[in-house]
1. Within region 151-168, track down each residue that is within 19 Å of residue 280 (Cα to Cα) and away from the ligand (no atom under 11 Å from the Cβ).
2. Filter region 209-230 for residues that are within 18 Å of the chain's Cα centre (by Cα) and of a type in the set (Gly, Ala, Ser); which is nearest to residue 168 (Cα to Cα)?
3. Mind checking which pairs have a first residue in region 240-266 that is free of Cβ contacts under 8 Å to residues at least 60 places away in the same chain and a second that is away from the ligand (no atom under 16 Å from the Cβ) and part of a helix (DSSP H, G or I), Cβ under 8 Å, 6 or more apart or different chains?
4. What number of residues in region 97-121 are among the basic types (Lys, Arg) and outside any helix (DSSP H, G or I)?
5. Being among the acidic types (Asp, Glu), in contact (Cβ under 8 Å) with a residue 40 or more places away in the chain and surrounded by fewer than 23 Cβ atoms within 10 Å (Cβ to Cβ) narrows it down to one residue among 127, 195; which is it?
6. Restricting region 281-302 to residues that are of a type outside the set (S, T, N, Q) and within 16 Å of the ligand (Cβ to nearest atom), which is farthest from the chain's Cα centre (by Cα)?
7. Just to verify a result, which residue in region 287-318, among those that are in contact with a Gly (Cβ under 9 Å, 6 or more places away or on another chain) and farther than 23 Å from residue 408 by Cβ, is surrounded by the most Cβ atoms within 10 Å (Cβ to Cβ)?
8. Does any residue of region 66-76 turn out to be of a type in the set (S, T, N, Q) and farther than 17 Å from residue 472 by Cβ?
Amino acid sequence: MRTERFQVRNFINGEFIEPNSGRYLDNVEPATGKPYSQVADSDAQDVELAVAAAEKAFRDWSKKTAAERSTFLLRIAELIERDREKFARAESIDSGKPVSLARSMDIPRAVANFRFFATAILHTESEAHITDDVAFNYTLRQPRGIAGLISPWNLPLYLLSWKIAPAIAVGNTAIAKPSELTPMTAFLLCEICQEAGLPAGVLNVVHGTGPNVGAPITAHPKITTISFTGGTVTGKKVAEACAPLFKKVSLELGGKNPNIVFADADLEAAIDGSVRSSFANQGQVCLCGSRVFVEKPIYKQFVDRFLNKASQLKQGDPLDEQTEQGAIVSKTQLDKVKFYVDLAQKEGGKIALGGSAPQAPNERCHEGYFFQPTVITGLSVSCRTNREEIFGPVVTITPFDSEEEVINHANDVEYGLSSSVWTQNLSRAHRVAERIHTGTVWVNCWLVRDLRVPFGGMKQSGVGREGGEEALRFFTEPKNICIAK
Ligand code: TXE
């Protein structure tokens, strides 16, 4: 018997519409491995419609006062908060993450993103530069037009709203493309935007694949600003498409983040923090610390306690309130994780924990994409497992002898997104933090996020910064006005 599945349609010019092709892709629930809804399989024609809507809306939206725009964003935040339970459940079903995590992290953060930028635009300052007796200059920061916002599947609403909120807060209009694997909360957000009375065309969401929708967005000459979060390989394609059109581009890409534990660390805190940073969201957070380095005197003790703690993580149905480890987002991603666990063994690694799929937590999840939290020891620092982004619940632990040595290990990868350093020695903390090549260094903590701080990566982890003032600047064009005295 064929059941009609819910269809996630595009949101263009304030209305939910069918994709031009009339086609839909199956949207699979990772916990069951079965399609539970469908998502519009859009193409360049749909992007074209969205551009027309965004272009038209820009005329009025960009002229609204900051206070007017702020009111809309605050209303959106309030409505997401009202529906937080619905959003959390939808995010969990769509992505496989534990519902408790969606409820405590993803959805509150989406609310905070809208509130933060709604109020940030009310407190901006403009620069003035006085040129002796000759002239004075002041800087206008004006909206740039249409922003293309492309986001991944690991933190669907969290990351998409982190782009939408600043883009429209400063007066741009936006065309967003969520990951085709996790479109549901973007759809719910569009319903909220309708209810909040956001003018038609200010936010348009075009669903579909990277090549069919993402690529036309990056190639469209009228979409002059591109903010992308995703894999490094895709990031290169985005950069290539944008370069000849001189688009303003922000790329937040992958990571292979070091997590360094010195012998003088508060061991309890370091273990708690490291287990969380290794396995949060099944290791599918670009900020996860996938390479743990432990100073030799405490290596054995650390590994024993880490394994003990990690083995207690409750793996289960993402919709079960007690679950701490849910499902991997897709079969492709699960296969990638398996590939790297095999590779690690070929490279001489020892599986100290996990290494395979667990027993299905219940009948419903029989064909779901689950993998055990996995710990690998005994690998060389330079092997592929320790260099390439796995993006799953797999972490390596490696001993080190000296500060100098571990700084070299930390920096000896192509990525440079984030790092953690665990030590009670303040001077060492400053010294090491200064020398690590990552956009964020956490000392004695992980994933503490202040929305005002610059956020982004070095090297292959990206270009540009998001967050606070950086985001407001990214989504505006500075113009100097020089007036003779
Ligand atoms: O991401 P993609 P994928 C890493 C992780 C993962 C790998 C691949 O290692 O295994 O990337 O994951 C859209 N032009 N991260 O393939 O493809 C795509 O539709 C424009 C790290 O799922 O980078 C989606 O909306 N857009 C990461 C978005 O790009 C294109 C989060 C990201 O998908 C496009 C996710 C194109 N040519 C994966 N092709 C992080 N750092 O947060 C695809 N897209």
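1. 157, the sole residue that qualifies.
2. By that ranking, first place goes to 227.
3. Short answer, once both residue conditions are applied: 263/296; 263/297; 263/298.
4. We begin by selecting, within region 97-121, every residue among the basic types (Lys, Arg); these are 97, 103, 109, 115.
After this cut, where a residue has to be outside any helix (DSSP H, G or I) as well, the list is 97.
Qualifying residue count, region 97-121: 1.
5. Values: 127 fails: in contact (Cβ under 8 Å) with a residue 40 or more places away in the chain.
When all the criteria are applied, what remains is 195.
6. Applying the first criterion (of a type outside the set (S, T, N, Q)) to region 281-302 yields 283, 285-289, 291-300, 302.
Of the ones still in play, those that are also within 16 Å of the ligand (Cβ to nearest atom) are 283, 285-289, 291.
Values: 283: 13, 285: 7, 286: 7, 287: 9, 288: 11, 289: 15, 291: 19 Å.
Filtering region 281-302 for residues that are of a type outside the set (S, T, N, Q) and within 16 Å of the ligand (Cβ to nearest atom), the one farthest from the chain's Cα centre (by Cα) comes out as 291.
7. Keep residues of region 287-318 that are in contact with a Gly (Cβ under 9 Å, 6 or more places away or on another chain), which gives 287-290, 310-311, 315-318.
When the remaining residues are screened for being farther than 23 Å from residue 408 by Cβ, the result is 310-311, 315-318.
Working: 310: 23, 311: 14, 315: 22, 316: 22, 317: 24, 318: 30.
Checking each candidate, the answer is 318.
8. yes
The values are calculated or read from the model by the stated rules, or taken from the named source; none is laboratory data. All values reported here derive from a predicted model rather than from experimental measurement. As a convention, Cβ positions derive from the backbone with ideal geometry for all residues, glycine included, and neighbour counts pool all protein chains shown.
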